[in-house]
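What follows draws every value from the coordinates through simple rules; no lab data is involved. The structure presented is a predicted model; accordingly, all values stated were derived computationally and were not measured. In this analysis, Cβ positions are derived from the backbone assuming ideal geometry, glycine residues included, and neighbour counts consider all displayed protein chains.
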Amino acid sequence: MKLVVTGASGFLGREVCLAALRRGHDVLALGGARAPTIPGVVRARAFDLCDEAALEALVLEEFPHAVVHCAALPTIETCLAEPERANKLNTGVPKKLAQLCFHLGAKLVHMSTDNVFDGVAGAYQPTDRPAPLNLYGETKAAAEVEVLRFGREHAAVLRTSPIIGNSPDGDRGLHERLFAAWKTGRPTLLFTDEIRQPVEVTNLADVAVELCERANLTGLFHWAGCDALSRHEIGLRVARHFGLDAEALVRPIARADVPSAASRPRDLSLRLHPLAGKLRTPAQSFDEQLAALRVPRGSEEWYERQTGRKVVRRLEKGVDF
Ligand SMILES: NC(=O)c1ccc[n+]([C@@H]2O[C@H](COP(=O)([O-])OP(=O)(O)OC[C@H]3O[C@@H](n4cnc5c(N)ncnc54)[C@H](OP(=O)(O)O)[C@@H]3O)[C@@H](O)[C@H]2O)c1
């Protein structure tokens with residue numbers, strides 16, 4: 001299959017390219033400002049997806065069987081800082097891609113987020129109504145509507161949770177951000193009553209590519225790990241997994257103690273059915289996710305001082321993780 005992957009210079013997009021190669025597909029990897037460098041990917045380039053005419057020309061020229069759309073402004077903070085760019089990139093670009101894929105009869109796999117929900121109820125099903133609390137969630141919820149408007153029969157929208165896993169620069173995964181905070185020497189305050197359901201980046205990438213392969217799987221789906229956990233428990237389990245002093249590094253805090261927490265979604269846990277029953281790729285427990293984690297790049301010295309353990313790097317996916 002011929003796949004175009006957007007956001008390929010980013011955390012998830014890179015893994016999607018690697019998953020596509022593993023599964024025998026031909027990949028065109030598109031980064032934004034950076035041309036992706038991914039082992040085994042021979043066709044990679046920097047490309048501004050907001051240039052609609054150039055995007056149309058590229059997709060028509062490439063004539064892919066599927067597009068996996070990972071490019072986005074993917075955080076609450078960055079969307080607030082650049083609202084115009086957030087609207088364009090998070091809503092306008094997927095709309096254009098959906099139109100183009102509809103025109104070609106190509107499958108579009110569009111990455112969305114748990115942040116389309118307000119977090120009041122938790123355990124969300126794909127049929128539950130979005131009610132975003134922030135601009136990031138709003139732009140992604142609007143994109144879902146646009147993608148499905150054109151792609152009811154060609155597109156899969158995949159809502160997912162915070163992504164855990166090893167990133168090449170050691171700064172994008174959930175555990176990598178915890179390490180960065182721990183290295184500052186202050187304990188991390190983590191909510192005991194804010195629930196998330198992490199997903200491991202390689203597992204999510206496999207699901208995205210499997211959705212390209214399965215023409216009949218279209219519509220709105222949820223994918224995450226199997227375990228919904230409080231942020232506090234996530235922090236404790238990551239620290240313990242690495243043999244760190246979890247109680248010293250991670251401190252509990254309740255949402256009621258932080259006035260601004262009321263504007264954050266409380267429980268963004270996702271129900272994985274019906275997708276979980278239809279895929280070959282299994283959802284992972286949090287323990288399985290932990291087993292894939294490495295000490296982040298740049299944290300080796302700190303880690304060795306804390307634990308007395310030596311960090312041994314090994315080459316994995318072109319990076320010595
Ligand atoms: N990360 C998470 O925990 C998480 C959780 C739930 C859902 N998601 C969703 O998963 C998807 C991937 O997230 P991620 O964490 O992998 O994001 P990321 O690492 O921040 O990557 C974003 C990508 O978008 C590209 N991009 C930005 N502006 C662009 C433009 N104008 N034209 C072309 N490309 C552009 C960036 O390219 P350059 O850097 O080269 O400019 C980069 O490759 C997003 O849809 C996000 O909403 C992520």
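For the stretch 183-295, the square roots a ≥ b ≥ c of the C-alpha gyration tensor eigenvalues yield an a/c of 1.5 or more together with a/b not exceeding b/c, which makes the shape oblate. Note on Thr184 and Asp169: their simple-model spin labels are 1.8 nm apart, each label 7 Å out from Cα toward Cβ.
Against the chain, whose longest principal axis comes from its Cα atoms, helix 52-62 is set at around 80 degrees.
For Thr37, Thr6, which order do you get if you count the other beta carbons within 10 Å of each Cβ and list the fewest first? Provide the component values of the computation, followed by the final result.
On the way: Thr37 14, Thr6 27.
Fewest-to-most ranking of Thr37, Thr6: Thr37, Thr6.
GNM on the chain, alpha-carbon springs under 10 angstrom: the most fluctuating residue among Lys88, Lys183, Lys140 is Lys183. For the residues Pro130, Pro36, Pro187, a GNM of the chain with alpha-carbon springs under 10 Å puts the largest fluctuation on Pro187.
Can you tell me the alpha carbon radius of gyration of the chain divided by the globular rule-of-thumb value 2.2 N^0.38 Å? Mind dumping the intermediate values first?
On the way: Rg = 19.3 Å, N = 321, 2.2 N^0.38 = 19.7 Å.
Normalised Cα radius of gyration, the chain: 0.98.
A Cα-only calculation for the stretch 1-122 places Rg and Dmax at 14.5, 45 Å. Listed values for the stretch 216-230 are Karplus-derived 3J(HN,Hα) couplings in whole Hz (6.51 cos²θ - 1.76 cosθ + 1.60, θ = phi - 60°), namely 7, 8, 10, x, 9, 10, 10, 9, 7, x, 7, 10, 8, 9, 6, and x replaces Gly and Pro. Here each label is just a point 7 Å from Cα along the line to Cβ, and for Cys226 and His241 those points are 1.5 nm apart.
Summarising the strand pairing of the chain, around 10 percent of its internal DSSP beta bridges are antiparallel.
For the pair Arg149 and Ala215, what calculated FRET efficiency results from E = 1/(1 + (r/R0)^6), where r is the Cβ-Cβ distance and R0 = 30 Å, to the nearest 0.05? Kindly include the intermediate steps, with their values, before the conclusion.
Working: r = 19 Å, r/R0 = 0.65.
According to the calculation, E is roughly 0.95.
Axis of helix 93-104 versus longest Cα principal axis of the chain: the two differ by about 40°, to the nearest ten degrees.
In the structure shown, the pairs Lys88/Lys278; Lys96/Lys278; Lys140/Lys278 are assessed against 30 Å; a Cα-Cα span above that value is assigned to Lys88/Lys278. Karplus-derived 3J(HN,Hα) values for the stretch 148-162, using 6.51 cos²θ - 1.76 cosθ + 1.60 with θ = phi - 60°, are 6, 4, 8, x, 3, 9, 10, 10, 10, 9, 10, 7, 9, 10, x Hz; glycine and proline are entered as x.
Counting only alpha carbon atoms, the long axis of helix 201-213 and the longest principal axis of the chain meet at about 20°.
GNM on the chain, alpha-carbon springs under 10 angstrom: the most fluctuating residue among Gly137, Gly243, Gly151 is Gly243.
Label-to-label distance, Asp128 versus Ala256, with points set 7 angstrom from Cα along the beta-carbon direction: 2.3 nm. Which of the three applies to the stretch 29-74, rounded, prolate or oblate, going by the alpha-carbon gyration tensor with a ≥ b ≥ c and a/c under 1.5 meaning rounded? Note, shape of the stretch 29-74 comes out oblate. In plain terms, the residue of Val68, Val295 with the fewest other Cβ atoms within 10 Å comes first and the most crowded comes last, giving Val295, Val68. Applied to the stretch 118-123, the Karplus parametrisation 6.51 cos²θ - 1.76 cosθ + 1.60 on θ = phi - 60° returns per-residue 3J(HN,Hα) values of 8, x, 6, 8, x, 6 Hz, with x for Gly and Pro. An oblate overall shape is assigned to the stretch 56-128, the ratio a/c of its alpha-carbon gyration tensor axes (a ≥ b ≥ c) being 1.5 or greater and a/b not exceeding b/c. Panel order for Ser299, Ser285, by other beta carbons found within 10 Å of each beta carbon, from fewest to most: Ser285, Ser299.
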